[in-house]
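Written below as structure tokens is the structure these notes are about.
The values are calculated or read from the model by the stated rules, or taken from the named source; none is laboratory data. This one's a predicted model, so the numbers in the text were calculated from it and none came from an experiment. Virtual Cβ from ideal backbone geometry, glycine too; neighbours counted across all protein chains shown. With ligands, DNA and RNA removed, areas are computed over all heavy atoms of the protein, side chains included. Shrake-Rupley method; radii C 1.70, N 1.55, O 1.52, S 1.80 Å.
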Amino acid sequence: MEQDVNIKITDRDGNTHEIQAPTDMAMNLMEVVRSYELAPEGTIGICGGMAMCASCQCYVNSNHELPEMQDDEEAMLSEAFYVKDNSRLGCQIQITPDMEGLEVELAPES
């Protein structure tokens, strides 16, 4: 059964978009942002979702239980700009039914 989750994404201009993201396509948050064109082409997901750049950094503003940060994501965020306590790389957040109601804000382009 196909299931979409509702996610709020605030873009870099401060506009909030309420979107529905499919949970049955193994997409991650960065790919959702790209598919809805919420960030200019070439400014997000530059490394292709390998946690090798911080272009998809976002701030998680809702109280979701997210997958634990892996070493490569942690290392990337330790070198990124505009990092906050709630920073995550969008490419490392899989869209699952648990992400219903997720609220994130895209970090400024560095």
Can you pull out every residue in the range 37-47 that is of a type outside the set (A, V, I, L, M, F, W, C) and touching a residue at least 12 places away in the same chain (Cβ under 8 Å)?
T43, G45
Being under 14 Å from L102 (Cβ atoms), open to solvent by 20 Å² or more (accessible area, probe 1.4 Å) and touching a Leu at 6+ places or on another chain (Cβ under 9 Å) is the requirement here; does N86 meet it?
no
Which residues, taken from the range 72-96, are under 12 Å from M50 (Cα atoms) and without any contact (Cβ under 8 Å) to a residue 60 or more places away in the chain?
D72, E73, M76, L89
A54: passes all of (1) within 22 Å of N6 (Cβ to Cβ); (2) in a loop (DSSP other than H, G, I, E, B) but (1)
Give the residue that is most open to solvent (accessible area, probe 1.4 Å), with candidates limited to residues of the range 49-71 that are closer than 17 Å to N28 by Cβ and without any contact (Cβ under 8 Å) to a residue 24 or more places away in the chain.
E68
With the condition kept exactly as written, say whether any residue in the range 46-66 is of a type in the set (D, E), farther than 16 Å from E105 by Cβ and modelled with pLDDT of 95 or more.
no
Please go through the range 2-18 and pick out each residue that is in a strand (DSSP E or B), over 17 Å from A107 (Cβ atoms) and without any contact (Cβ under 8 Å) to a residue 60 or more places away in the chain.
D4, E18
Residues located in the range 1-47, provided they are of a type in the set (G, A, S), touching a helix residue (DSSP H, G or I) at 6+ places or on another chain (Cβ under 8 Å) and open to solvent by 10 Å² or more (accessible area, probe 1.4 Å)
A39
Please work out which residue is modelled with the lowest pLDDT, limiting yourself to the range 93-110 and to residues that are over 10 Å from H64 (Cβ atoms) and open to solvent by 50 Å² or more (accessible area, probe 1.4 Å).
S110
Determine the pairs where a residue that is over 18 Å from C58 (Cβ atoms), located within the range 19-33, has a partner that is open to solvent by less than 20 Å² (accessible area, probe 1.4 Å) with Cβ atoms under 6 Å apart, the partner being 6 or more residues away or on another chain.
T23/V5; T23/I95
